[in-house]
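The values are calculated or read from the model by the stated rules, or taken from the named source; none is laboratory data. Owing to the predicted nature of the structure, the values given are computational and were not obtained by experimental measurement. Methodologically, a virtual Cβ is constructed for each residue, glycine included, from the backbone with ideal geometry; neighbour enumeration extends over all protein chains shown. SASA here: full protein model, heavy atoms, side chains in, ligands and nucleic acids out. Shrake-Rupley method; radii C 1.70, N 1.55, O 1.52, S 1.80 Å.
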2 protein chains.
Amino acid sequence: MKKSISGFSKLSKLGKLKWLVENFFKDPERVMKDLMSYWLHDEEKQKIIDGFSENTISNFYLPYGVAPNFLINGHTYCVPMVIEESSVVAAASSAAKFWLSRGGFQAEVLSTHKVGQIHFCWSGNDQLLYDHLDRMKEVMLNRTSNLTHNMRMRGGGIVEIALLDFSNQEPECYQLHIKFETVDSMGANFINSVLEELSEVFNKYVQEHIDSNGVEIIMSILSNYTPECLVRAAVSCRVDELGEQKGSLNAHEFARRFQKAVRIAHIDPYRATTHNKGIFNGIDAVVLATANDFRAVEACGHAYAARDGKYRSLTDCKIEDGLFKFWIEIPLAIGTTGGLTSLHPMAKRSLELLGHPDASTLMMIVASIGLAQNFAAIRSLVTTGIQHGHMRMHLINILNRLEATESEMKAAILFFKEKQVSFAAVRDYLAQLRSEAQTEDAVAIPT
Amino acid sequence: MKKSISGFSKLSKLGKLKWLVENFFKDPERVMKDLMSYWLHDEEKQKIIDGFSENTISNFYLPYGVAPNFLINGHTYCVPMVIEESSVVAAASSAAKFWLSRGGFQAEVLSTHKVGQIHFCWSGNDQLLYDHLDRMKEVMLNRTSNLTHNMRMRGGGIVEIALLDFSNQEPECYQLHIKFETVDSMGANFINSVLEELSEVFNKYVQEHIDSNGVEIIMSILSNYTPECLVRAAVSCRVDELGEQKGSLNAHEFARRFQKAVRIAHIDPYRATTHNKGIFNGIDAVVLATANDFRAVEACGHAYAARDGKYRSLTDCKIEDGLFKFWIEIPLAIGTTGGLTSLHPMAKRSLELLGHPDASTLMMIVASIGLAQNFAAIRSLVTTGIQHGHMRMHLINILNRLEATESEMKAAILFFKEKQVSFAAVRDYLAQLRSEAQTEDAVAIPT
């Protein structure tokens, strides 16, 4: 059977579902019922979620949790987190609690500029373009003033237009590199709309004033790399205030090992990748909970981690004058208005929970969660190791999946204390436990 | 009010929810009801999802959609995608359809090794460590044979143990760099458990045979950077088979502009970030739908994009001998067993939909989606621009959110054809439309 189809997107939601289960599942009716069981009862809300994407047939569920006790710039937040990985919310919460009594997180937004690009080819003398640049910019700003009006009223708009020459790397390749301020929105739609308009105005200017052939516009689109949309979050305390850690590690030994672990993530990209991955466990969870775009945030953060030619840690640690200092600097292009932030019903709740922050405040919250996550991960790694807690949680997941009773849970946790946890091992253990119980019952009955 | 709390994690789900709404929301009862309305009716399933993370109080919904017509290595897939961003599933579907009649996607797994690291400090003569290395490895393999037994039975296990010297970058810093084969599982839990055991065996060996003080283990953990867990996906056809494109672009002009766009993403990190972000739009959607870890996949892919010292495109394009060739090489450490892949109820459906693939097959599917996504994005960018389709979808999202009727939708789509779409603008437009309708009604009544 060739399972291709024409006109799929034009089918109704039910029509799509029907084609899908009939062509790809062994038990179509049961699967259809199952996939429909995840639909929201509130049809209006379901319609909103369906509308975000295309060919939607059901909903994917992720746990929505919260990490309380985040003291950031003197304000206590309970932070919404959407994440499927165990230990992430627990780690964030534990780091928040730890720093709550040690001054909390200090965060500041260093800059908020976004970036757009118009890539074009030009075979003429580039000095002509540079000569006209100031006049061109003026025309470009004027001719897009309708599009940028509302954003300018809110304090944003086009900040800067630069002409960059890439022709030494690729023949005839140039770029207009444009900085934007988009205030409380992430601004992707705004920037892209303005760029497409700007590129037409630009080309028309060139045709009228420099060369009637104009330039060849290759593409006009925002850049997700925003090193000037940067936030910093930091924690610090006296080394002795760090207290004794698990594994009877004293505060000074702990601080030394902690700093060593951060240092390793600066010199070894294999370690840096995992180190930063942990940071994004926390960051993405809040980005998702507020319906921001985690792919944009990830791409930017990792590219930033490689900015000096070597992929490195996004956090840094210093011990000086008896003080332990730990901080993160990371670009975060996120918003609290526009995009899906005001469309996803749960994102609205998340922003309400955070006290309706503006974009800068959300940047500081998200950076603090990332730092907290990294603190908790390194603390585990240099003291007890991460597996103890992690495997216990994974075991409980598997036991839930296998519908274990409370007493079976207790027995399994004891049994797997020193053993490798896997789905098969737990299933086999439960099967044995249950067959023994039956044998006992069977024996018990005749007496 | 100081909104911190002790013992939050020990509260029941309802207890957590109650504390949350009472302390952070203006209308606690309504919000509580709202957050509970997202709970699954099936309590067993809800318990499973709650168990994935901590402090869970509700579920976060993402649209679950499908992209049909993916011809990969001669097999036609309908690919599950979980993504909140509009146009992503549509783009994947359109690229799939385009290549369906042009030979489809050719994919191959180049390697499947995962990586673990034991970071340690050693102040002695490092030649001693190297002298003992072979014997040490043997002991380490033997002493962990219980832990690795099941994995070895499935064809996996520890592949290689190397000793790396970082002491020129950080005093006393060394590493055991360990390669693993984890077959169809992503293997994080397996690798971390084995590493923690290995580090104890290693240190004990050093204590017994080299120096009674042993080494100082700093941390033992998998690396998410897996450049040797690599997959390649490619499409190709004769240039003239690309056909005429939108904007009356002929096949050859299109191919040239397409290649230029890919080239720009190799020379400019600002463009590369967005280019790769688009690839991950597709990749993460499938990674999420199969309950794999998208943070791990993102971190690895972006670090890989920066491997030669400059952050670059993950895809490449060549036009030679009249052929258009477009391909991606990307490390993807994902699994089809273990972790949450067999625990999340929707992930099980996703894997069923894909025909129960092994990990290598899933790697090839995911890489193909990434390539498709990039093809569709570049095709839009170098022909019509991306905003036209994108803004129309965003407009419909907003109209859904504002509960617009069919006729209001039609009017709004017409009205916003040449205007900047924003939530406020659409809200204002609808308000005006509705007040005009009321005026008409009011006028209509007396006649």
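For the reader, a short list of remarks on this structure follows.
- Looking at the range B:1-131, the accessible area is 40 square angstrom per residue; that uses a 1.4 Å probe and ignores ligands, DNA and RNA.
- Accessible surface buried once B binds A (1.4 Å probe; total of both sides; Å²): 13500
- Mean-position separation - Cα centroids, the range A:289-317 and the range A:80-131, in angstrom: 7
- The range B:300-351, relative contact order in percent, only Cα pairs under 8 angstrom and at least six apart counted: 25
- Accessible area in the full protein assembly, largest first, 1.4 Å probe, for A:268, A:211: A:211, A:268
- Across the identical copies, how the residue B:37 labels are spaced - nm, sorted shortest first, 7 Å along Cα→Cβ: 2.3
- Filter on B:179/B:204; A:3/A:26; A:97/B:45; A:348/B:33; B:260/B:325 - keep pairs with C-alpha separation over 19 Å: B:179/B:204; A:97/B:45
- Considering only B:122, B:132, B:337, and ranking their Cα positions along the charge dipole of chain B that arises from unit charges at the beta-carbon of Lys, Arg, Asp and Glu, the one farthest toward the positive end is B:337.
- Dipole moment magnitude, nearest 20 debye, chain B about Cα centre, only Lys, Arg, Asp, Glu C-beta charged: 1140
- Semi-axes of the equivalent ellipsoid for chain B, Cα gyration tensor, largest first, Å: 48, 33, 20
- Charges were assigned to the Cβ only: +1 to each Lys and Arg, -1 to each Asp and Glu. The resulting dipole of the protein assembly as shown about its Cα centre is roughly 880 debye.
- Accessible-area value, residue B:410, 1.4 Å probe, nucleic acids and ligands omitted, Å²: 140
- Karplus-derived 3J(HN,Hα) values for the range B:190-195, using 6.51 cos²θ - 1.76 cosθ + 1.60 with θ = phi - 60°, are 4, 4, 5, 5, 5, 4 Hz; glycine and proline are entered as x.
- Per-residue HN-Hα couplings for the range B:342-359 [Karplus 6.51, -1.76, 1.60; θ = phi - 60°; Hz; x = Gly/Pro]: 9, 9, 6, x, 6, 5, 4, 5, 4, 5, 5, 4, 8, x, 6, x, 7, 4
- Helix-only arithmetic for chain B: the sum of -39500 (n - 2.57) across DSSP H runs with n ≥ 4, divided by the residue total, places the mean residue ellipticity at 222 nm at -16500 deg cm²/dmol.
- Ranking B:176, B:60, B:369 by how far each Cα lies toward the positive end of the dipole of the protein assembly as shown (charges on Cβ) leaves B:60 at the top.
- Accessible area per residue for the range A:390-444, computed on protein heavy atoms with a 1.4 Å probe, is 60 Å².
- Solvent-accessible area, 1.4 Å probe, carbon plus sulfur percent, for the protein assembly as shown: 49
- GNM top mover of A:169, A:373, A:207 - chain A, alpha-carbon springs below 10 Å: A:169
- Whole-Å distance, taken between Cα centres, linking the range B:223-253 and the range A:212-247: 31
- Accessible area of residue A:407 in the full protein assembly, 1.4 Å probe (Å², nearest 10): 80
- Spatial separation of Cα centroids for the range A:133-171 and the range A:334-356, in angstrom: 29
- Shortest first, residue B:318 label-point distances to identical copies amount to 4.9 nm, with the label point at 7 Å from Cα along Cα→Cβ.
- Amide H contacts of residue B:180 (H built 1.01 Å from N, in plane; Pro and chain starts excluded): B:114, B:115, B:116, B:159 sit under 5 Å, all sequence-distant by 5 or more or on other chains.
- In terms of accessible area, using a 1.4 Å probe and ignoring ligands and nucleic acids, B:19, B:99 rank largest first as B:19, B:99.
- A 1.4 Å probe over all protein chains sorts B:244, A:408 by accessible area into B:244, A:408, starting with the largest.
- The range A:114-223 - charge dipole about Cα centre, Lys and Arg +1 at Cβ, Asp and Glu -1, debye rounded to 20: 500
- Interface residues of the range B:408-425, defined as those losing at least 30 Å² of solvent-accessible heavy-atom surface relative to the isolated chain (probe radius 1.4 Å), are listed as B:420, B:423.
- Restricting the calculation to Cα atoms, the range B:114-223 yields a radius of gyration followed by a Dmax of 13.6, 40 Å.
- For residue A:151, the accessible area of its heavy atoms, probed at 1.4 Å with every protein chain present, is near 10 square angstrom.
- Among B:232, B:135, B:257: highest mean-square fluctuation, GNM of chain B, C-alpha pairs under 10 Å: B:135
- Across identical copies of the chain, residue B:15 has label-point separations of 5.2 nm, listed in ascending order, with the point defined 7 angstrom from Cα along Cα→Cβ.
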